[in-house]
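Q: Please read through the structure below; I'll follow up with questions.
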Amino acid sequence: MPHIARLLTLLFLVVALPQMALAQTNPDDGPGETQGDDQTNPETPAGAEGDHGGSEPALRHVADPFNRYARVRFNAPEYIVSGPIAQFDASRAALTGGGATLLRYRDLPALGLRIAIYDFNGSLNQVTAQAVLDANAPDSHVGLHNLYALAQGRPRVYAASMVGISDPGTCTLGRRLTIGLIDGPVDAGHPALAGATVTSESVLYPDDRAPTASHGTAVAALMVGVDPEGVLGGLARGANLHAISAFSRSGSNTDADVERIAAAIDRLLARNVRLINMSFAGPENPVMEEVLTLAAARGAVMIAAAGNDGRERAAYPAAHPDVIAVTAVDAAFRRYRAANFGDHIEFAAPGVDLYVADGQGGSYASGTSYAAPIVTALAARLGAGGGLSVAALRERMRSSAVDLGPSGFDAEYGWGLVRGGC
């Protein structure tokens, strides 16, 4: 009798141990896994027994302790099994016998595979499931039903943090004011400007050919862009924009003459806009000089790009004594190689490989054109256009600028990199 009892006990263990193992989890399989409760989901989704039949069961993504890149159903990660169609019945029987629920399957004829999606219900993990498959469907494999993201890189955005604004998306102006822009046309329907208040006018003649809106839109968004994703958010978010289209196209050239620029400045002053961005450059001109002098006398705070000739050149309007001249630097604080330089340069701002509004999205661009609106945006944050004089603005910007190049003021960086803060 003792021998018979021992034999019966041994037979019981041989039969029961495989099922007992299926009910256990491997403590080394991953953080947070615990022993299952042997409960299975009674739901059998429509189409679980067919190739595509019925709709896929409700799925949602949640934070799970198994793998944050796994697809999740009802708070538990899904597992995927692949193998020859001929072994499917055996693999399904073995896994469901161990407590898993088959959710759906689909055939891949060109590959000679059938893939099946399971909920293991806490009764299996990847290691124990693979052991079951090795014993019953040796050419089948199991893994977490992982998720894969598109390999598109998030745009590299550095300008805001470089000038001291940690999050343009939440860094809004404390009070409403208007920034004036003299440029080409602005696409107010661009996603980065759809949430901003943009007023557009033109001083062009009816037979003038307007250029594309790419430059004006890029400059506008750098100042007042409202972008939920943050990459095209402006540094003076919350400000209104009054844009004057003064540039026309002739052949392959896009430019504005003194007449149209003067008309644009006059129009902005008539609209009581006192902070003006001018992302263009050209030769010194006596009429232009007079217009700028008169505008400054009427309280205009004007900020202009140094120009991109790559040489020592006092281009206008930046070189006018009443206009703040801006050069461009890259993410390594080096002057943009094409930027003009000279003793008229006052401040530097990011302007190399900036991600700017373009088309219905964005693209990278370089130039002092894009550095100027960053300074204009920071000027708006300091109160320019709302009563702060040019002299007071210059003093505030000098006091917070980061010295670049030779110590103190120099012809390449002026007083250095502007800094704002939010």
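Derivation of every value follows stated rules applied to the coordinates shown; laboratory data play no part. All values derive from a computational prediction rather than experimental measurement. So basically every Cβ, Gly included, is an ideal-geometry build from the backbone, and we count neighbours across all protein chains shown.
Q: Grab the other residues whose beta carbon is less than 11 angstrom from that of Glu201, score K and R as +1, D and E as -1, and report the net.
A: +2
Q: Region 254-330: which trypsin sites (Lys or Arg not before Pro) are DSSP loop and have at most 12 other beta-carbon atoms within 10 angstrom?
A: For trypsin sites (Lys or Arg not before Pro) across region 254-330 that sit outside H, G, I, E and B with at most 12 neighbouring Cβ atoms in 10 Å, the list reads Arg298, Arg311.
Q: To continue, here is another question. Report the gain in length on full extension from Phe333 to Ala270: 0.36 nm times residue separation, minus Cα-Cα distance, nm rounded to one decimal.
A: Working it through step by step, the gained length comes to 18.8 nm.
Q: Counting only DSSP beta bridges with both residues in region 159-400, what percent are antiparallel, rounded to the nearest 5?
A: Given both bridge residues lie in region 159-400, the antiparallel proportion sits at roughly 25 percent.
Q: If you don't mind, there's one more thing I want to ask. Take every DSSP beta bridge whose two residues both sit in region 285-422, then give the antiparallel share in percent to the nearest 5.
A: 40
Q: While we're looking at this one, here's another question. Given axes a ≥ b ≥ c from the Cα gyration tensor, I'd like to know whether region 283-418 is rounded (a/c under 1.5), prolate (a/b larger than b/c) or oblate.
A: rounded
Q: Please report the spacing between the Cα centers of region 341-386 and region 69-137 in Å, no decimals.
A: Each part reduced to its Cα centre gives a spacing of 56 Å.
Q: Tally Lys and Arg at +1 and Asp and Glu at -1 over the other residues with C-beta under 10 Å from the C-beta of Ala213: what net charge comes out?
A: Summing Lys/Arg as +1 and Asp/Glu as -1 gives -3.
Q: If you don't mind, there's one more thing I want to ask. Kindly identify region 159-400 as rounded, prolate or oblate by the Cα gyration tensor criterion: order the square roots of the eigenvalues as a ≥ b ≥ c, call it rounded if a/c is under 1.5, otherwise compare a/b with b/c, prolate if a/b is larger, else oblate.
A: It comes out rounded by the Cα gyration axes.
Q: Compute the signed sum of charges (Lys and Arg +1, Asp and Glu -1) over the other residues within less than 12 Å, Cβ to Cβ, of Ala256.
A: -3
Q: Something else about it: Per residue, how big is the convex hull of region 139-259 when only Cα atoms are used? Give it in Å³.
A: 199
Q: Give me the one-decimal nm value for the distance between modelled label points at Ala93 and Thr197, 7 Å along each residue's Cα-to-Cβ direction.
A: Once both label points are built, they end up 7.4 nm from each other.
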